[in-house]
Amino acid sequence: MDIVRTVAEADRAARALPRPLGLVPTMGALHDGHLALVARARATCASVMATIFVNPLQFGPNEDFAKYPRAFPEDARRLEAAGVDLLFAPSVAEMYPTGFDTTVDPGAVGTRYEGSLRPGHFRGVATVCTKLFAIAGAERAFFGAKDGQQVAVLQHVVRDLHLPVAIEVVPTQRDGDGLALSSRNAYLSSSERAAAPGLYRALRAMTAAVERGETDRHRIVAAGRAEVHMPLREAYLDVVDAATFVSSDAVAPGGVARELLAIGSVWLGQTRLLDNLPFVVAPVRAIAGAAR
Ligand code: AMP
C-alpha cells in the first residue's frame, strides 16, 4: 500500500491504478464498519483508494474536532491488511491552503435533522467529498448506510453537479447487541455503552410497528420513543424519505413503493449517537400525520 500526503501525489498515484477504482473516504479511528466499506470496494473494483482526513470544515465550533480519536499507524496497518492499494492522508493545510474559499452547499436535504443540529456540517461533508472525488478520479465511492443523511446529501450533490462517480452504500455494521459501530462509541463510559443499544431498539420498534401495519407516523415514532429511557435523551426520532430526508406522510395509493428510513439520534452524556433502519412502504400503504 502506498501512503501519500499531498494532493499532487494522490492524484498521480490514483490515476496510475487499474480501473475501476473504488474510493473509501474516512476520518480514521477505523472499526469493522469502515473495513466493510473497504471489503465491498475490494470485491467490486480493480483498485481501492482509502482516505483518512479529520475534516475541520464539517465540525462546528463547539464540537469534537480537537479530541476526535486519531490512530494513524494502526489504521494504516488495518487498511493495508484489508487490501487497500493507496492511502491518502493529507494535512489540513494541504486540503485547505491559504486562500481556500469555495464550498459546496447541498441545499435543503442538508438542513434537516443532522443539518439542523449541526449547522454547516453537510456543507463541510459535501465540500471535502467533492474535493476527494476530484483528486481520486474514482469511478465509485463507498459510504456507510449508518450515516443515511450523508448518503442522501452526497447522492444529491453528485446528481446536481454531474460528478462522474457512483455512490455505493454499504449496510450498517453493528455490535452483537445492535449498537452501530462508530468511532465516537469510544467516548462512552461502560454504563453509557450498556445503555447505548436502546437507540437500535427504538428503531426496531418503529420498523416493527410498520410491519404490523401501523400507518400513523406519530404512533410509529411513539413506538420508538417508548424504548428511549434515561440515560438516553432523544435528539430526534422520525420516519423520512431516504432520498430527501423529508418526514414521510403517505405513499399515495397507486404510487410507487418508496424507501423510507426510521431515523434516530440520542444523547448519552456528552456523546450523541446516530442510527437508522430502512424499510419499504408498499404503494397502497399510507403513513399519516407528517409535520416537518
Ligand atoms: P467516518 O470515519 O465516521 O467519517 O466514517 C467513514 C465512512 O464509514 C462513512 O461512509 C460512514 O458512513 C462509514 N461507517 C461508519 N460507521 C459505519 C458502520 N457501523 N457500518 C457501516 N459503515 C460505517
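Summary table below
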| item | result |
| --- | --- |
| Any hit, the range 195-211, residues being away from the ligand (no atom under 16 Å from the Cβ) and among the hydroxyl-bearing types (S, T, Y) | yes |
| Enumeration of residues in the range 6-28 that are assigned to a loop (DSSP other than H, G, I, E, B), touching an Asp or Glu at 6+ places or on another chain (Cβ under 9 Å) and near the ligand (Cβ under 7 Å from one of its atoms) | G28 |
| Residue within the range 84-106 that is at positive phi and part of a helix (DSSP H, G or I) present | no |
| T130, sole failed condition from (1) over 23 Å from N62 (Cα atoms); (2) touching a residue at least 60 places away in the same chain (Cβ under 8 Å); (3) hydroxyl-bearing (S, T, Y) | (2) |
| Pairs where the first residue, in the range 180-206, is within 14 Å of V221 (Cα to Cα) and in contact (Cβ under 8 Å) with a residue 40 or more places away in the chain and the second is surrounded by fewer than 21 Cβ atoms within 10 Å (Cβ to Cβ) and aromatic (F, W, Y), C-beta under 9 Å, 6+ apart | M206/F279 |
| Members of the range 176-192 found to be among the charged types (D, E, K, R) and either near the ligand (Cβ under 9 Å from one of its atoms) or at pLDDT below 95 (or both), listed by number | R184 |
| Scan of the range 104-151 for residues that are surrounded by 23 or more Cβ atoms within 10 Å (Cβ to Cβ), small (G, A, S) and more than 12 Å from the ligand (Cβ to nearest atom), ordered by number | G110, A126, A136, A138 |
| Residue that is nearest to E94 (Cα to Cα) [pool: residues in the range 14-27 that are over 14 Å from the mean Cα position of the chain (by Cα) and crowded, with 19+ Cβ neighbours inside 10 Å] | A14 |
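Yes/no per residue for (1) among the aliphatic types (A, V, I, L, M); (2) within 13 Å of the ligand (Cβ to nearest atom); (3) more than 20 Å from the chain's Cα centre (by Cα):
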residue	(1), (2), (3)
D32	no, yes, no
A39	yes, yes, no
M49	yes, no, no
Q58	no, yes, no
P61	no, no, yes
Y68	no, yes, no
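The values are calculated or read from the model by the stated rules, or taken from the named source; none is laboratory data. These figures come from a predicted structure and were not determined experimentally. Cβ coordinates were reconstructed from backbone atoms using ideal geometry, including for glycine residues, and neighbour counts include every protein chain displayed.
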